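Throughout, read-outs are computed from the coordinates displayed, never taken from laboratory work. No experiment lies behind these values; they were computed from the predicted model shown. Please note: Cβ atoms are built from the backbone with ideal geometry, for glycine as well, and neighbour counts cover all protein chains shown.
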Amino acid sequence: MIDKTKSHYEVLVIGAGVAGIYQIKLLADLGVDATVLDAAGDLGGTWYRNRYPGARFDSESYTYGFSFSKELLNEWHWKERFSSQPENLRYLNYVADKFDLRKYMQFNCKVDAMRFDEANDLWRLKIADGRELTCRFVVMAVGLLSIPTPPRFKGMDQFKGRSFHTFYWPQAPVEMAGKKVAVIGTGATGIQVIGEIADKVAELTVFQRRPNWSAPLNNGPISDAEMADIRSRYDEIFATCSRTPGGFEHEPDRRGFYEVSPEERQALWDRLYDTPGFAIWLRNFREIFTDEKANAEFSEYVANRIRRRVKDQAVAEKLIPRDHGFGVQRVPMETHYFEAFNRDNVHLVDITETPIVEVTETGLRTTERDYDFDIIVYATGFTR
Ligand SMILES: Cc1cc2nc3c(=O)[nH]c(=O)nc-3n(C[C@H](O)[C@H](O)[C@H](O)COP(=O)(O)OP(=O)(O)OC[C@H]3O[C@@H](n4cnc5c(N)ncnc54)[C@H](O)[C@@H]3O)c2cc1C
């Protein structure tokens, strides 16, 4: 039980996401007097927020989990190759409970300000609940995607339906069936939401400013036998992740792009397109990132895959990025995203052609027309 009258600690950790959980585990093991402060109502950070439909890893689940305890690695069964938000949050709670870490955590404790007190050689933190806490060391585990960016449309507070940024998706289930839904944004989050809800809502209108390159996640279940195999290879898996850029399981194809024939390049890309996760991005030829011609050839390959998947070629062309090549920005992974646009109930609005003017009481107004919605989803990402 946290003693809220205690005002000095050796270490204060700000944030109870994956990083903060690991920090407090290490500090507790060392016997250091420490506490974790988090603005949210419970632990999990990214996975406590972001409860939108389709929210899931694009890291292989078993590479994302903590590696510090063999016992934990042997106990936890990842059920899907790319596990979803509810399961990820269950995992983080399981870890906190297994190692009895909750007793070090304080929630609904936003740190509003901190300054170093030179005279007394300590940090002074102002907490939103009015307390001032002091400590010798502060560990910032505040996350890289923990400040959402809502759009700044005129009239957003007038809308009489429901609207939310994906980061603040409600904890109680949101009824989507029979609803007219707008999704604004086609980044990593929008792409996950759209693929997930397209066949569950009455009408889905996607407002796109600029398309992103995206490729199939190729998710699937992990059977008991597969999980046993993964457990037996954890050391090898983590060793691979420790030497790859970004810590993923995928290593680049070390053949030179121009050393192999166009047919061999195409054969590799055909395989990678069907391989789970970031393989298409990170198991590719290294020249994809360094040579504009190589990147253009591969981008054209992916564009053609999109053209094959989307029936209306005018829509397909709108979904193909023109302002950057594949993989030079973070690649959102998708599940049935492009097929969603083949459905009669899904519509794409290019807001470079018809910009959004304002949010109205009943929906959205673009320069072309008014749209009525029951739900507006702001999939507009984060501030870094
Ligand atoms: C939808 C989504 C999917 C993702 N998928 C992947 C993936 O597949 N693979 C991958 O590697 N990464 C992924 N990420 C990135 C993800 O953010 C990291 O993997 C990881 O969860 C970050 O953990 P963290 O502990 O550093 O930060 P967070 O999980 O963001 O936690 C930070 C915590 O700090 C708290 N905090 C911040 N400021 C304050 C303050 N002033 N006072 C008190 N508390 C504060 C927040 O409330 C939050 O709980 C994804 C991110 C998102 C949004």
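Under a Gaussian network description of the chain, with springs only between Cα atoms under 10 Å, the residue in Leu37, Leu282, Leu27 that fluctuates furthest is Leu27. Straight-line cross-link partners of Lys318 among the lysines, defined as a Cα under 24 Å from its Cα and at least 8 positions apart when in the same chain: Lys180, Lys200, Lys293. Computed over all pairs of different Cα atoms, the Kirkwood value for the hydrodynamic radius of segment 1-101 is 14.6 Å.
Diffusion coefficient (Stokes-Einstein, Kirkwood radius over C-alpha pairs, 20 °C, 1.002 mPa s) for segment 45-123: 142 µm²/s, rounded to a whole number.
Computed as a quarter of the hull surface, the mean projected area of the alpha carbon convex hull for the chain stands at 22.4 nm².
Of the residues Phe257, Phe57, Phe153, the one with the fewest other Cβ atoms within 10 Å heads the list, and the complete ranking is Phe153, Phe257, Phe57. The residues Arg115, Arg365, when put in order of fewest to most other Cβ atoms within 10 Å, stand as Arg115, Arg365.
Rounded, prolate or oblate for segment 208-261? Axes are the square roots of the Cα gyration tensor eigenvalues, ordered a ≥ b ≥ c, and the cut-off for rounded is a/c under 1.5. In terms of gyration-tensor shape, oblate. Averaging the sequence gap over all C-alpha pairs within less than 8 Å and six or more residues apart, then dividing by the number of residues, gives the chain a relative contact order of 23 percent. Rg of the Cα atoms in segment 105-248, relative to 2.2 N^0.38 Å, amounts to 1.54.
Taking every C-alpha pair closer than 8 Å and separated by at least 6 residues, the mean separation divided by the residue count of segment 282-340 gives a relative contact order of 34 percent. Every Cα-Cα pair of segment 161-227 was included, and the share exceeding 14 Å stands at 67 percent.
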